[in-house]
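The values are calculated or read from the model by the stated rules, or taken from the named source; none is laboratory data. Computed from a predicted structure; not experimentally measured. Quick reminder, even Gly has a Cβ in these numbers, built from the backbone with ideal geometry, and neighbours come from all protein chains shown.
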Amino acid sequence: MYQRSSSGHYFEILLFTLSSLLLYHTGVGFILFLVPLQIVASRRGIRSLALAAGVFFAIFLLIRFWPSVFSKDHPLPDILGAIEIGVAGVLLLGMIVVNLPLRRRPRTLVMLLAATALAGAAALPAAVWLSGTPAFQQSMDMLFAEVSKTLSGVITPAADSGAAAFFAQVLQPARLRRMSEAYLLRSLLADYAILLAFSWWAGQAAASRARAMLGVVPGFRLSRFRLESGWLWPLIASGALVLADLFFGISVWAYAAWNIGLVLLFLFGLQGMAIVLFIFEKYRVPRLLWFLLVVGLVILAASPGAGLFIVLAIPVLGISENWIRYRIPREAAPTE
């Protein structure tokens, strides 16, 4: 409920901040922890968001440092703990950047990409520094040794089967680390952009009821999302560099090409989903079928056989709108 009093205002901010902290510390809920903060931004504005983010980060640090301050048996957070603190801080700052009320504010998409670029600028020197830090390398070796041990206990194929030899190779700590680093370095910015975009959209949607009660018409609808044709050129350029990396190798430039390409592929995927939702709205398809479609796409994307097809088909649908007009309103004349 929207609180109009000053005390109710701060109580509401505290409630959403505590919800965000709870989600952060519940495993899978990590992907949702920014949503309550975006609800604060949508309902109360940038100052309330900054206050909520500050309270979140203060309590977050208190949780991390409290045991070591009051007990000698608990050391200060190690280097992996310091990285976690840095990641949480960058995510909170990104949410603030996305919601900045600039005088000549560009569209939210531009703000999202600006936040992603700032995160990349912060991650680059951190990655270079960590690569030469012995304590970090030792922590990573210990981490992947533990992961390898856990996965080996879960995956137990027959000893005389070919799968046993395959998993014995894949689950080696060094192999797991190389695969994880290759994925992370090539998709870090895309993962960041997806998390921020999802959190902004989910927070906006959750706050839409309160905006309607105040007589404010909700602004963003996914079915209206559209990219200009100029976005095709950076996608083509990054795609060419990705292919060059796959066939020839282009050193450190590959990481930039993969990250930029995946971010753009995600944006055209949003446009593909916008086309589907527009068609559903046009023909008044029940929302239950919308939900079933999304669940079906997620299941197919996670399956080994159809996953790659789904991941590529939705962005290709969005890309094709540069030449094919899909979103024709019901009231449009036949010749339009």
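Worth a mention:
- Total residues in the range 231-252, condition over 13 Å from Glu321 (Cα atoms) and in a helix (DSSP H, G or I): 15
- Figure legend. Inter-residue proximity from the range 174-194: first residues under 19 Å from Val147 (Cβ atoms), second residues of a type in the set (Val, Ile, Thr), beta-carbon distance below 7 Å, spacing 6+ or different chains. Indicated pairs: Leu176/Val147.
- Look at (1) more than 26 Å from Leu118 (Cα to Cα); (2) modelled with pLDDT of 80 or more and you find that Leu184 fails only one, number (1).
- Checking Arg43, Arg64, Arg105 one by one, the residue that is in the same structural domain as Glu12 (by TED's automatic domain parsing), outside any helix (DSSP H, G or I), over 18 Å from the mean Cα position of the chain (by Cα) and not hydroxyl-bearing (Ser, Thr, Tyr) is Arg105 and no other.
- Qualifying helices (runs of 4 or more DSSP H) (wholly inside the range 253-324; at least 1 residues being crowded, with 19+ Cβ neighbours inside 10 Å, modelled with pLDDT of 90 or more and in contact with a helix residue (DSSP H, G or I) (Cβ under 8 Å, 6 or more places away or on another chain)): 253-282, 307-320
- Some residue of the range 103-116 being modelled with pLDDT under 95, loosely packed, with under 14 Cβ neighbours inside 10 Å and within 21 Å of Phe56 (Cβ to Cβ): no
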